[in-house]
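Right, one structure below, let's go through it.
Read-outs: derived from the displayed coordinates by stated rules, not from any lab. Bear in mind the structure is a predicted one, so any value in this text is a computation, not a measurement. Cβ placement follows ideal geometry from the backbone for every residue including glycine, while neighbour counts extend to all protein chains displayed.
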Amino acid sequence: MSDLHPGPPPGPDAPTTSLDEREDLAPLYSSTIRTLRAGFVIGGSLLVIGILISLYRREDLLTFVHPMDEVMGNLVDGESHAFIDLAFIVIMVTPVITVLRVAVGFSRFNDRRFAIYSVVVLGILAASIGLSLVR
Amino acid sequence: VDITLAVELSLVAAGAAILGSMLGLGGGVFLVPIFTLFFGIDEKLAIGASAVAVVTNSIVGSSVHLRSRFTNLRLAMLLQIPTAGGALVGALLAVRAPERFLNAIFGAVLTYAALSMIFRKQAKHVDPGRIPDPWRLGARYLDPATGETVTYIPQRVPLGLGVSGLAGTISGMLGVGGGVIQVPAMNLLMRVPVKAAAGTSAFMVGITAVATSFVFYAEEHIDPTVVTPALIGIIAGSQIGSRLTRRVRTQRLIWIFVAILLYLGISLILKAASIDVPGQR
């Protein structure tokens with residue numbers, strides 16, 4: 001289990017570890033799968049609800065999405081397009097939450113190097129969401 | 001809503017997802033050209049739809065790859081840094097780029113990817129016991145097609161990081177996940193077996209497409225009449241594709257990949273040059 005601890009920076013002289021000595025990352029893989037599945041179930045359900053409501057009310061799908069800050073208000077009003085907009089947002093956010101879970105997972109394995117890599121990815125994704133919200 | 005069009009879009013998306021999931025490409029590489037060439041959908045709406053579809057395909061498809069351990073999470077997180085950064089820059093460029101330019105870039109990327117697969121050399125299997133693994137990226141998985149455990153250690157990591165940055169920029173511009181570049185790069189440059197490259201890429205493409213999705217959402221390039229049928233098809237197709245991956249031999253995947261990419265790539269280049277493509281709307 002020596003590989004659990006962050007090693008020295010990569011380089012030609014860095015020590016190597018046999019794969020047989022590697023930790024079992026099964027819990028990390030399982031939590032990643034659970035996060036993806038939850039995002040899919042929630043996003044897919046919202047999409048189905050939105051489609052069913054619009055079919056029931058004989059409403060056409062809109063050709064545009066509403067700004068993110070208006071989606072929750074429209075949802076409270078029971079608008080079918082709000083469910084569809086929220087479904088898209090949930091689907092788009094799911095990989096972000098997955099990366100967060102991966103970062104936490106590596107951190108729990110004391111694998112600081114890969115936890116940091118994951119946090120950097122998270123920062124870049126946060127920047128894209130932030131840019132979208134201020135536009 | 002035109003129900004016939006919605007069904008057609010769903011079927012195309014399902015086909016794209018089956019191939020995309022099997023190849024770790026996310027499906028967007030097939031969706032955008034088909035939507036623009038054969039359905040006359042605006043390029044930016046197609047890219048927006050593709051980006052959301054790629055995220056969905058990755059969410060659904062990568063669970064199966066993760067369970068099979070084809071996905072290498074350490075490799076994914078390392079390569080994702082330049083990929084996600086590039087995707088953000090690419091998406092911001094794409095919303096201002098002319099359609100013709102995007103078609104030309106897309107066509108060139110598809111053609112290059114197809115040619116690189118045709119002329120590729122078989123990646124040599126390296127015994128991981130004899131080579132160093134300073135980046136700690138080595139992994140193994142059981143290949144159900146052969147019943148053998150495949151062990152590998154990615155090579156030439158700095159080069160892989162550079163290519164990932166390029167892949168991210170292009171994928172951000174085109175609404176694809178970047179797998180079209182990353183799968184060959186991981187396989188040919190980094191010596192990652194194709195199934196591990198496809199599994200790792202299937203996970204990465206969803207993260208990469210997030211940046212594009214949010215930028216296109218904010219720019220109102222997400223059209224629910226296009227995205228909703230695409231998602232329905234993508235969800236069905238990725239379920240089928242990710243299960244087929246475990247049963248189909250790698251060589252067959254590559255030739256399907258090459259034929260479709262070449263056709264779509266050349267069609268987009270012709271469109272950028274204002275030359276009609278048969279069947280184009």
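Things to note:
- Calculated SAXS-style log₁₀ I(q)/I(0) at q = 0.09, 0.15, 0.16 Å⁻¹ - chain B, Debye, Cα scatterers: -0.36, -1.02, -1.16
- Nearest-ten-degree value, helix B:73-94 long axis tilted from longest Cα axis of chain B: 20
- Estimated FRET transfer efficiency (B:A97, B:R156; beta-carbon r; R0 35 Å; 0.05): 0.65
- Counting every C-alpha pair in the stretch A:15-135, the share spaced more than 22 angstrom apart comes to 50%.
- Once divided by 2.2 N^0.38 Å, the Cα radius of gyration of the stretch B:1-110 becomes 1.15.
- Per-selection Kirkwood Rh - the stretch B:193-266 (Cα, Å, 1 d.p.): 14.7
- √(5λ) per eigenvalue of the Cα gyration tensor, the stretch B:20-78, largest first, Å: 27, 10, 9
- A:V48/B:L5 FRET efficiency (R0 25 Å; Cβ-Cβ; nearest 0.05): 0.80
- Sequence-distant contacts, meaning Cα pairs under 8 Å at least 6 residues apart, place the relative contact order of the stretch B:1-91 at 20 percent.
- Overall shape: prolate for the stretch B:83-202, with the ratio a/c of the largest to smallest alpha carbon gyration tensor axis at 1.5 or above and a/b above b/c.
- Dipole size of the stretch B:1-105 about its Cα centre, with +1 on Lys/Arg Cβ and -1 on Asp/Glu Cβ: approximately 520 debye, rounded to the nearest 20.
- Note on the stretch A:36-90: percent of Cα-Cα distances in each 5 Å bin, starting at 0 and stopping at the bin with the largest distance, equals 4, 23, 30, 26, 13, 4, 0.
- Mean silhouette area of the protein assembly as shown, derived from the convex hull of its C-alpha atoms and averaged over all directions, reads 18.8 nm².
- Only alpha carbons enter this Debye calculation for the stretch A:68-135, each as an equal point scatterer, and the log10 of I(q)/I(0) it gives at q = 0.17, 0.22 Å⁻¹ is -0.70, -0.89.
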